[in-house]
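Enquirer: To start, I am sharing the structure in question, which I have written as structure tokens.
Derivation of every value follows stated rules applied to the coordinates shown; laboratory data play no part. A quick note: this is a predicted structure, and the numbers were derived from the prediction, not measured. So basically every Cβ, Gly included, is an ideal-geometry build from the backbone, and we count neighbours across all protein chains shown.
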Amino acid sequence: MSGDKYEFFKVIQDTLAQAARVVSLDPAVELMLSQPKNEIIVHFPVRMDGGEIKLFKGYRIQHSNILGPFKGGIRYHQSLTLDDTKALASMMTWKCALMRIPYGGAKGGIKFNPREHSAGELQRITRRFTHALGNNIGPDYDIPAPDVGTTGQMMAWIMDTYMNTVGHVNKQANRGVVTGKPVSSGGTLGREKATGQGVVHCITEWARETRTNLEGATYIVQGFGNVGSHASMLLSRYGASLAAVGDHSGYLRSEEGFNPHKLAEWVRQRGSVAGYPSGTPISKEEFFATKCDIFIPAALEGQIWVEEAKALQCKVVVEGANGPTTPEGERVLLDRGIAVIPDVLANSGGVTVSYYEWVQNKRSESWDLEEVDGRLENAMKRAYNEVVSFARSRDCDLRIAAYCCALDRLQAAYRERDIFP
Ligand code: NAD
């Protein structure tokens, strides 16, 4: 039920077990993938603007590095838990394997509400967290990126702190310690919009397959941060209309459709959709019941329970967020004939372009936007079609298919390498 505690890590472990049965995964490989390799917890003090010292709890979970360095975002959120971070880290392993990127999976974050802190405090919190992590991150070992509550600005602070402390000997070679950096600090063109862009590639592939005309189609979006806003702006280029939107501050609906560019600018300046001078405020229940073709959850995990799944009036749910659909909710959606394009596939555009950024840093190159966009489009379409073909051939849903494609690759590596010693 909505409001219940979502046992995110257990859900990921259960999905792994289901997919393992489909691909007859070696039980030893399943066992190794069922838990992260390293769980790092740090507590670090930071001086606040008023002079007092606060203690913060930070996590870095390194799930797997069988296919390459640990890789995954850093989340700043007041309800972050160790188990959620373990779930998110595991999903990064599946995502990178599915996308054929030479990375493993990781995730980290700090349990606090970044909205309650000044820019100066955020900088000191980020720098102390980076210092506390020390050699647990590194450009060839574990590479963080933005996630909920973090932006390119925080990545620039992480990079700068790392360069000037742990890795000052090879200062320039350490640029790749994080991805999702601002372009002027060594980031890549196309990274900021990459996750939303990947979501939209999945939508255009789905529309092609189902012969849905996106011109005049409607969509609703939960969460209007990096993923939700970019997905909305890019989807509007196809002539689709944003019928309802919401974030932590509330929900809005518009008969004629919102201009996602103007809304994104509003949110950039004010931090939420609250007070936007167009559309009508609606309840969360009304948001979920809004008639539309496409629903893009782009906020947090555990948002679509049975109630929401019964209320939704869309044809497809495209998971911009990680873990937005509960297994109970997904069963209802699939029974109702609503397609679900799962997170592991739908939001993998972010880590894919993060990888392009890392390659550019290593080679001291800067690619033009067309190159980044073209590579991402090919990668997303290939993965989408691989997952859809697998699901058809094995008669399973797309989530299980995405896990299976990833597990095949992970199992191959374990078979070749076995375990040490
Ligand atoms: P963000 O911080 O930029 O935006 C998060 C959005 O969610 C905000 O609009 C916020 O108001 C909203 N939100 C928070 N709590 C909410 C609640 N209780 N109800 C409704 N809305 C709420 O974060 P983001 O980077 O856009 O990430 C969103 C999701 O996408 C997360 O699940 C994240 O893990 C996933 N994701 C992000 C990336 C990336 O590149 N940033 C990549 C892959 C997956």
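Enquirer: Filter the cross-link list 5/315; 107/381; 107/362; 181/381; 54/193 down to pairs whose alpha-carbon distance in this structure exceeds 31 Å.
Expert: Over 31 Å Cα-Cα: 54/193.
Enquirer: Please report, largest first and rounded to whole Å, the three semi-axes of the ellipsoid equivalent to the range 166-217, where each semi-axis is the square root of five times an eigenvalue of the C-alpha gyration tensor.
Expert: Result for the range 166-217: semi-axes of 39, 10, 6 Å.
Enquirer: Which residue fluctuates most in the GNM of the chain (Cα springs below 10 Å): 147, 14, 160?
Expert: Highest fluctuation among the options: 14.
Enquirer: Now, a different point. May I ask what percent, to the nearest 5, of DSSP beta bridges between residues of the chain are antiparallel?
Expert: So the antiparallel bridges in the chain amount to around 50 percent.
Enquirer: Would you mind computing, in nm to one decimal, how far apart the modelled labels at residue 377 and residue 278 are, each placed 7 Å from Cα along Cα→Cβ?
Expert: Result: 2.7 nm between the two label points.
Enquirer: Taking a temperature of 10 °C and a viscosity of 1.306 mPa s, what whole-number D in µm²/s does Stokes-Einstein yield for the range 286-421 with Rh from Kirkwood over alpha carbon pairs?
Expert: 94
Enquirer: Report the full-extension gain for the segment residue 419 to residue 365: residue separation times 0.36 nm, less the Cα-Cα distance, to one decimal in nm.
Expert: Contour length minus Cα-Cα distance gives 15.8 nm.
Enquirer: Of the residues 138, 51, 302, which exhibits the maximal mean-square fluctuation in a Gaussian network model of the chain defined by a 10 Å Cα contact cut-off?
Expert: The residue that fluctuates most here is 51.
Enquirer: Still on this structure: Placing one identical point scatterer on every Cα of the range 344-421 and ignoring solvent, what is log10 I(q)/I(0) from the Debye formula at q = 0.12, 0.14, 0.17, 0.22 Å⁻¹?
Expert: Here log10 of I(q) over I(0) equals -0.48, -0.63, -0.81, -0.99.
Enquirer: Could you give the C-alpha radius of gyration of the range 203-339 expressed as a fraction of 2.2 N^0.38 Å, taking N as the number of residues it contains?
Expert: This ratio for the range 203-339 stands at 0.97.
Enquirer: Something else about it: Please give the length that would be gained between residue 116 and residue 49 if that part of the chain were fully extended, namely 0.36 nm times their separation in residues minus their C-alpha to C-alpha distance (nm, one decimal).
Expert: Length difference between fully extended and current span is 22.9 nm.
Enquirer: Counting just the Cα atoms, what span does the chain cover along each of its three principal axes? Round to the nearest Å and put the largest first.
Expert: Largest to smallest, the principal-axis extents are 56, 54, 44 Å.
Enquirer: Between residue 14 and residue 328, what length comes free when the chain is fully extended (0.36 nm per residue of separation minus the Cα-Cα distance, one decimal in nm)?
Expert: 111.8 nm
Enquirer: Take the Cβ-Cβ distance between residue 81 and residue 210 as r, set R0 to 25 Å, and report the resulting FRET efficiency rounded to the nearest 0.05.
Expert: Using R0 = 25 Å, I get an efficiency of 0.10.
Enquirer: Which whole-number percent is the relative contact order of the range 65-118 (Cα, under 8 Å, 6+ apart)?
Expert: RCO, the range 65-118: 52 percent.
Enquirer: Counting other C-beta atoms within 10 Å, which of 219, 238 has the fewest, and how do the rest follow?
Expert: Ascending Cβ contact count within 10 Å gives the list 238, 219.
Enquirer: Within 10 Å of each residue's Cβ, count the other Cβ atoms and sort 417, 382, 253 from fewest upward.
Expert: Lowest to highest Cβ neighbour count: 417, 382, 253.
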